[in-house]
Amino acid sequence: MVLGFDTLEQYIDPEYRKNYPYFGALIGRYGNRIKGGEITIDDTTYTLNKNEKENTLHGGTPGFDQRLWDAEQPDNEHLILHYTSPDGENGFPGTLDVTVRYSIENNVFRVIYEASCDQPTHVNLTQHPYFNLRPTDENIGNHELRLYTSHYLETTPDLIPTGTVLSTDKKHAFDFNKPLFLALQEDGLDDCYTFGDPIEPQLMAELSHPKNGITVTILSDYPGLQVYTGKYIDVANGKGGKHYGPYSGIALETQMLPDSPHHPCFPSTRLNPGERYLHKTIYSFNCISVEEDYEDETEG
């Protein structure tokens, strides 16, 4: 139900890195984009690794997704990862101790992110799974998506937030308050939807496939959900040797808002010494009744 590979070697293959879609990656130190590849903290400006033209994407290269983590597996249902990011890594200030806890029980997959630092820094940790709930489908056009929000971020052409939060009512293609087939999004999506500043995990999204009835429901205490429909995916030899092309999967990334260090009106991503970074995301998988008279939306 998620895009990826059959072997570890494929994930570290240099060919895969050339057009890198971050399949299933653990992203940090800062997920999404930071404008101009720099941040300012207490009048000191830090220059970050720029890996998307003049901007920093997913913490720069190499990000947390390409670092070696310490792993502990207490049992078959739990996995704990730990990584210490040194001061100055990819330009970010402060040593950051990160622990990510995974658990799975009764078709519910939970992720808990924790971090602490020794000097002020900015943190935004996320996962980058691409879902395709019916792997025999070449693309996600027949999936239905529902989002439990009416707001998303306005961005520049290079996907940097302007600071303005827009209403989905103004643009029908962005309105997922009711389930909407992804085939209707002709140009694809790569947009961040906003959910206020929740304290506890709240319902964010439901992705389903009417043909097989599989549904994934996402809850999180993060304020944002990046929705990317995989326009630029082009990966050979995925699971079972399958070629993944454009729109083969949809990435649903719970996170802080992109470029928050430059937008005081956004929930803060600043982490100070003595503070604890703590966020949770829950993926719940279910199978609902199947529509017997279902017809592929992309076939008309």
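The values are calculated or read from the model by the stated rules, or taken from the named source; none is laboratory data. Computed from a predicted structure; not experimentally measured. Neighbour counts are summed over all protein chains in view; Cβ atoms, including those assigned to glycine, are modelled from backbone coordinates with ideal geometry.
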Per the list (1) more than 16 Å from Tyr193 (Cα to Cα); (2) in contact with a Pro (Cβ under 8 Å, 6 or more places away or on another chain); (3) of a type in the set (S, T, N, Q), residue check on Ser260 breaks on (1)
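Considering the range 199-212 alone, what residues qualify as being closer than 11 Å to Glu144 by Cα and surrounded by fewer than 16 Cβ atoms within 10 Å (Cβ to Cβ)?
Residues satisfying the conditions do not exist here.
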Residue set Leu219, Leu166, Leu189, Leu182; condition within 30 Å of Tyr20 (Cβ to Cβ), touching a Gly at 6+ places or on another chain (Cβ under 7 Å) and among the hydrophobic types (A, V, I, L, M, F, W, C); output residue Leu182
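Can you tell me which residue among Tyr22, Tyr83, Tyr16 is of a type outside the set (Asp, Glu) and part of a loop (DSSP other than H, G, I, E, B)? So that I can check it myself, show each step before the final result.
Working: Tyr83 fails: part of a loop (DSSP other than H, G, I, E, B); Tyr16 fails: part of a loop (DSSP other than H, G, I, E, B).
Tyr22 is the lone residue from the list that is of a type outside the set (Asp, Glu) and part of a loop (DSSP other than H, G, I, E, B).
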Counted residues in the range 122-163 being among the polar types (S, T, N, Q) and over 29 Å from Phe64 (Cα atoms) come to 4
Across (1) assigned to a strand (DSSP E or B); (2) at pLDDT below 95, Pro135 clears everything bar (1)
With criteria (1) part of a loop (DSSP other than H, G, I, E, B); (2) surrounded by 14 or more Cβ atoms within 10 Å (Cβ to Cβ); (3) aliphatic (A, V, I, L, M), Leu68 comes up short on (2)
Expected single match for β-branched (Val, Ile, Thr), surrounded by 12 or more Cβ atoms within 10 Å (Cβ to Cβ) and under 21 Å from the mean Cα position of the chain (by Cα) among Ile12, Ile39, Ile27 is Ile27
Among the residues of the range 130-167, the number that are of a type in the set (Gly, Ala, Ser) and touching a residue at least 60 places away in the same chain (Cβ under 8 Å) is 2
Among residues of the range 74-104 being free of Cβ contacts under 8 Å to residues at least 60 places away in the same chain and of a type in the set (Phe, Trp, Tyr), the residue surrounded by the most Cβ atoms within 10 Å (Cβ to Cβ) is Tyr83
Picking from Ile104, Ile140, Ile112, the residue that is assigned to a loop (DSSP other than H, G, I, E, B), hydrophobic (A, V, I, L, M, F, W, C), farther than 23 Å from Glu38 by Cβ and modelled with pLDDT of 95 or more would be Ile140
Inset, instruction - Might you let me know whether the range 82-99 holds any residue that is closer than 22 Å to Leu252 by Cα, modelled with pLDDT of 95 or more and not hydrophobic (A, V, I, L, M, F, W, C)? - result: yes
Restricted to the range 182-198 and to residues being more than 18 Å from His143 (Cα to Cα) and in contact (Cβ under 8 Å) with a residue 60 or more places away in the chain, the residue surrounded by the most Cβ atoms within 10 Å (Cβ to Cβ) is Cys192
Phe174: passes all of (1) surrounded by fewer than 20 Cβ atoms within 10 Å (Cβ to Cβ); (2) among the aromatic types (Phe, Trp, Tyr); (3) without any contact (Cβ under 8 Å) to a residue 40 or more places away in the chain but (1)
Counting only residues in the range 192-216 that are over 30 Å from Tyr16 (Cα atoms) and in contact with a Leu (Cβ under 8 Å, 6 or more places away or on another chain), the one modelled with the lowest pLDDT is identified as Asn212
Filtering the range 105-117 down to residues that are in contact (Cβ under 8 Å) with a residue 60 or more places away in the chain and either surrounded by fewer than 14 Cβ atoms within 10 Å (Cβ to Cβ) or closer than 19 Å to Glu253 by Cα (or both) yields Asn107, Val108, Phe109, Arg110, Val111, Ile112, Tyr113, Glu114, Ala115
Given (1) within 30 Å of Lys211 (Cα to Cα); (2) under 16 Å from the mean Cα position of the chain (by Cα); (3) of a type outside the set (Asp, Glu), Tyr113 misses just (1)
